[in-house]
Amino acid sequence: MIIPDYMDSFCEVAPLTTTDSRQVDIIEVDCPTDLNIMRAWAKSFRRKYISDEQLREMAALTRTASTYQYLVDRMYPDSESKQGKIVRIGDFGEILAADYLSYIRGYSVPSLQVRYSTKQNKNSSTMGSDLFALKFADSADRSADILCICEIKTGFSTHSRNRLADAIKDVNKDDLNQADKRASVSLAATFLQMSKMKDVTEAQLNEIRRFLNPLEDEYQQEYLAAAVIDDKYFREKTIVELDVSQSPHQDRLRLVTFHGKDLNNLMNLLFSELGALDAEFE
């Protein structure tokens, strides 16, 4: 796997420990100062919504003035409406966490292929778990493969300091059977959507196939609760005071907080025209 240069913007620092002795991984995220790196990041971000070919085709078919205008009109959540802002912030945090899982933690996140590109309403959130991530064991023991169900909460307000607690609450809201059912439904829906896409390979589909029948083909299940917050609202004390000892998933729960200076600005750059420059009309 080729790790993009923009992943140098993610820096793992010393973790924090909660009152019940649980580790919380802390990831500092910086906004690149190199314009070429920022452009590459924005393009990668935009491709979660629509490919270069599809963007050019759809902008031409709809006679939209530019590919970026098509993104603004049809794909990206609104930057002005209240609901659009909520979805926009949520999408940003999910994609940030997905890049971390993919390039730093070695997971595959196939739901990225369809989660944002298949929305019927750009200002609505996709139902189900925020993301699911897959990891395959190095050994021949397939039962050691991992399905990770992820809940990511993002915010740029005074309420953001509690976003990790909010993510944990969402992870905890289902009992094990309900969580398994939600994951199964999300996996099946993603598989069906991806199977209709011409640029999806059989190998990518096989990654999901492997997890569709846990009764006959066992695997490990993990949970991730993550927060994405601006430095203004990052408080170590708030994280340390967390207690997840009553979580039904506590033995399989990973905790992560992403924080950085002016993440709102980084979000706006990723949603900017920088992501469409290489997909402009030929």
Original post:
Once Rh for region 1-71 is found with the Kirkwood sum over Cα pairs, what is the Stokes-Einstein diffusion coefficient at 37 °C and 0.692 mPa s, in µm²/s?
Top reply: 216 µm²/s
Subject >> region 184-277 - convex hull of the alpha-carbon atoms, volume per residue in Å³ >> reply: 154 Å³
Original post:
If you roll a 1.4 Å probe over region 124-280 with all protein chains in place, what percent of the accessible area is carbon or sulfur?
Top reply: 49 percent
Subject >> Equivalent ellipsoid semi-axes - Cα gyration tensor, the chain, angstrom >> reply: 30, 25, 17
Subject >> Contact order normalised by residue count of region 1-83, Cα under 8 Å, 6+ apart, percent >> reply: 18 percent
Original post:
For region 55-104, which whole percent of the accessible surface, found with a 1.4 angstrom probe, sits on carbon and sulfur atoms?
Top reply: 48 percent
Subject >> Residue-normalised accessible area of region 97-166, given per residue in Å² at a 1.4 Å probe >> reply: 41 Å²
**OP:** Enumerate by residue number the GluC sites (Glu not before Pro) in region 72-155 meeting two conditions: DSSP loop (anything except H, G, I, E, B), and at most 11 other Cβ atoms within 10 Å of the site's Cβ.
**Re:** E80
Subject >> Cα gyration tensor, region 12-115 - rounded (a/c under 1.5), prolate or oblate >> reply: prolate
Subject >> Those trypsin sites (Lys or Arg not before Pro) in region 84-174 that DSSP places in a loop and that have at most 12 other beta carbons within 10 Å >> reply: K173
**OP:** Pick out the long, greasy-scoring helices in the chain: whole DSSP H runs spanning 27 Å or more along their own axis by Cα, mean Kyte-Doolittle at least 1.6.
**Re:** none
Subject >> Distance cut-off 15 Å, percentage of C-alpha pairs in region 58-120 lying past it >> reply: 62 percent
Subject >> Helix-derived mean residue ellipticity, 222 nm - over the chain, DSSP H n ≥ 4, -39500 (n - 2.57), to 500 >> reply: -10500 deg cm²/dmol
**OP:** Output the pairs from K169/K261; K85/K119; K119/K169; K48/K122 with a Cα-Cα distance over 18 Å in this structure; if there are none, say none.
**Re:** K169/K261; K119/K169
**OP:** In whole angstrom, note down how far apart the Cα centers of region 212-282 and region 54-121 are.
**Re:** 16 Å
Original post:
In region 95-163, how does Rg compare with the Kirkwood Rh, expressed as the Rg/Rh ratio over alpha carbon atoms?
Top reply: 1.05
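The values are calculated or read from the model by the stated rules, or taken from the named source; none is laboratory data. All values derive from a computational prediction rather than experimental measurement. A quick note on method: Cβ atoms are made from the backbone with ideal geometry, for glycine too, and the neighbour counts reach across all protein chains shown. Protein only, heavy atoms only, side chains kept; ligands, DNA and RNA dropped before computing areas. Shrake-Rupley method; radii C 1.70, N 1.55, O 1.52, S 1.80 Å.
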